[in-house]
Amino acid sequence: MPDGAAAVVYSVDTNAFMDWQARYYPTDVFKSLVVHMTGLMQAGRLQAAALVREEIDAVGTPELIGWAKANRGIFVPTKDLLADALTIQDQFPGLRDPKAEYEEADAYVIALARLRDGIVVTQETPAAEKNRPRRTHFIPDVCRELGVPCISLLGLMRREKWAL
């Protein structure tokens, strides 16, 4: 943990895990990132909603799916987040993807951060930054309106003062 930083919990969205392990920061190249992320997990500071694991199982690479299975302890059960996630979904119906074929993790990611007084880590951008968004709200939009801190994966690295 960086000097002067509070021991905050990070609620990680599926796309941040995907970008970390499959897209931009692959584990075979960014080995020190694995060490840092593991440290956060062991300290109980890196967590994710159980629905994030379901999304990883559905769209993740074999390596990421295996990683999620090996680190199942970071995934918070849906029942622990359900009431707050439903409140968020009711307050922001535009958060739901109208074409989604399964329950989405977005409201649960926000609920976890809110319930743990934490920070959301997502690679999503606000609706205003998208060309023809399919919905009116994305995670950063809802976080802004609810006063929940929201950063990118790179923002997490900077906040933690990691040098890779």
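The values are calculated or read from the model by the stated rules, or taken from the named source; none is laboratory data. The structure displayed is predicted, hence computed values, not measured ones. Here the Cβ is made from the backbone with ideal geometry for all residues, glycine too, and neighbour counts use every protein chain on show. Areas reflect the complete protein model, heavy atoms only, side chains present, ligands, DNA and RNA absent. Shrake-Rupley method; radii C 1.70, N 1.55, O 1.52, S 1.80 Å.
Computed with a 1.4 Å probe over protein heavy atoms only, the accessible area of Glu124 comes to about 40 Å². Taking the Cα centre of the chain as origin and assigning +1 to Lys and Arg Cβ atoms and -1 to Asp and Glu Cβ atoms, the resulting dipole is close to 280 debye. The angle between the Cα long axis of helix 106-115 and the main principal axis of the chain comes to about 70°, on a 0 to 90 degree scale. Of all lysines in the structure, those lying under 29 Å Cα to Cα from Lys161, and not within fewer than 8 positions of it along the same chain, are Lys31, Lys69.
Evaluate the relative contact order of the chain (contact order divided by residue number), counting alpha-carbon pairs under 8 angstrom at least 6 apart; express in whole percent. Relative contact order here is 29 percent. As a fraction of the 1.4 Å probe accessible area of region 2-86, surface on carbon and sulfur atoms comes out at 58 percent.
Surface analysis of region 1-82 yields an accessible area of 48 Å² per residue, using protein heavy atoms and a 1.4 Å probe.
The per residue volume of the convex hull around the alpha-carbon atoms of region 1-104 is 131 Å³.
Helical content of the chain, expressed as a calculated mean residue ellipticity at 222 nm, amounts to -13000 deg cm²/dmol (DSSP H runs of 4 or more residues, -39,500 (n - 2.57) each, divided by residue number, nearest 500).
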